[in-house]
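Structure first, then comments.
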Amino acid sequence: RSQQLDSALLAFPCLYKKIQRNSITRDASLFLCTLHSLPLFSLPPSSSLPTTKALFVCFSPGFAKLGFRFDSSENREMAEGVIEHRSYARVGLLGNPSDVYFGRTISFSLSNFWATVVLRPSDELVITPHPKHDLVNFSSLDHLVNRLQSEGYYGGVRLLMAICKAFYNYCREHKISLHQRKFALSYDTNIPRQAGLSGSSAIVSAALNCLLDFYKVRDQIKVEIRPNLVLSAEKELGIVAGLQDRVAQIYGGLVYMEFSQEHMDKLGHGIYTPMDINLLPPLHLVYAENPSDSGKVHSTVKQRWLDGDKFIITTMAEVADLALHGKTAILEKNYSKLAELMNRNFDLRRSMFGDDVIGALNIKMVEAARKVGAASKFTGSGGAVIVFCPNGQSQVKLLEEECQKAGFIVEPVKIAQSNLSRG
């Protein structure tokens, strides 16, 4: 295997040159098949071998992970035109889930976790499966079942396809011309699955940024509209969500959002106000390794809201008001008020959705934080909670001990900077 790897690295420049000249020999094809046998370069089996160029595009990330640098002129040519974007996880600090109900929220992008999408110019349009998240080759039935239980049925390929479609349809509808050059898209992510951290929309928003740059249309699609594109791609796949997550990931940093029906009807989007991330106190993230599915949480409450249920309507309006009050508390650095609002946010959510929908594990996470006197609420729809320890490091230590006993992971929150400087 080591010999195969050495040969792969040596052969890489001349192989690419052959590909460029369309003079692939049978030996070169066999070389690629040899790479396919190494775990780092493996691909899902298919009824017919993909084109050599498609295989090359798929194998390129494997070479990069090995630390292989493209020093020769042939390989520098290959590296030209590669576009890469990163999108971070999202934390709903206050007001969620009122974004789905013409409410208000405050959210921030969490740089602890991210998704990366890479776009490479290609002779064919290729959506590259991820070797882990889009796995279709298993060692046994046990392996297959265990993987489905921990990772679910869907990877990121469908997300990349959906944003390509949403982007194309938007450009066609708004008469934005696109050149005819092709590309290959690949992705990677370390965002915990089903943890209410917007892992799916992180992949989609990173891919959208790649498409904007590849087609050079960033200036033709307003930043306020881009979250709508991300959401439309996810709705295509049946993902239930609101705009909050996509705004936080497109804008980056800390953002106050208003989704009033008047704004949505008139503008087609909400009013989004970036805030200084340095206004926030130290926060911590608590999450479970096997969380709940955040894709089904809104459903029954949304129908009751549409049916005019007075309790749901008034309670959701109160949730939205928490973000308004929270904005003032953050600007004034009134952190005791912020803690009160965070706790109230979860209590109101619980009263609407009920414990069966919230889930015992999610309730246990919130209660672990409250047991030591910390404020806590969901980051999204369950699977992780955001925690504020107003008494400082001694309280953080108690939180860590309590979560360790309960089997939860605790991490200090790192807030990403705003993306708005890049347009």
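The values are calculated or read from the model by the stated rules, or taken from the named source; none is laboratory data. Bear in mind the structure is a predicted one, so any value in this text is a computation, not a measurement. For neighbour counting, all protein chains shown are included, and Cβ atoms are generated from backbone atoms with ideal geometry for every residue, glycine included. Side chains included, ligands, DNA and RNA excluded: accessible areas come from the protein's heavy atoms. Shrake-Rupley method; radii C 1.70, N 1.55, O 1.52, S 1.80 Å.
Step through the table entries Lys310/Lys414; Lys266/Lys327; Lys327/Lys414; Lys333/Lys405; Lys371/Lys414, compare each Cα-Cα distance with 27 Å, and write down the pairs that go over it.
Beyond 27 Å: Lys310/Lys414; Lys333/Lys405.
Hey, how many Å between the Cα centroid of region 186-263 and the Cα centroid of region 305-368? Computed from Cα coordinates, the inter-centre distance equals 23 Å. Only Cα pairs under 8 Å and 6+ residues apart enter the sum, and on that basis the relative contact order of region 296-388 stands at 24 percent.
Each of Ala329, Thr314, Pro227 was placed along the dipole of region 200-348 (beta-carbon charges, centred on the mean Cα), and the one lying farthest toward the positive end is Pro227. By a 1.4 Å probe calculation restricted to protein chains, Phe408 has an accessible surface near 20 Å², given to the nearest 10.
For region 219-362, just say rounded, prolate or oblate: build the C-alpha gyration tensor, square-root its eigenvalues into a ≥ b ≥ c, call rounded for a/c under 1.5, and beyond that prolate if a/b exceeds b/c, oblate if not. It comes out rounded by the Cα gyration axes. Shown in residue order for region 121-128 are the 3J(HN,Hα) couplings computed by the Karplus curve 6.51 cos²θ - 1.76 cosθ + 1.60 at θ = phi - 60°: x, 8, 6, 10, 7, 10, 9, 8 Hz (x for Gly and Pro).
Classify region 196-280 as rounded, prolate or oblate, taking a ≥ b ≥ c as the square roots of the eigenvalues of its Cα gyration tensor: rounded when a/c is under 1.5, otherwise prolate if a/b is larger than b/c and oblate if not.
rounded
For region 320-359, what does the alpha-carbon gyration tensor say about shape, rounded, prolate or oblate, given a ≥ b ≥ c as the root eigenvalues, a/c under 1.5 as rounded, and a/b over b/c as prolate? It comes out prolate by the Cα gyration axes.
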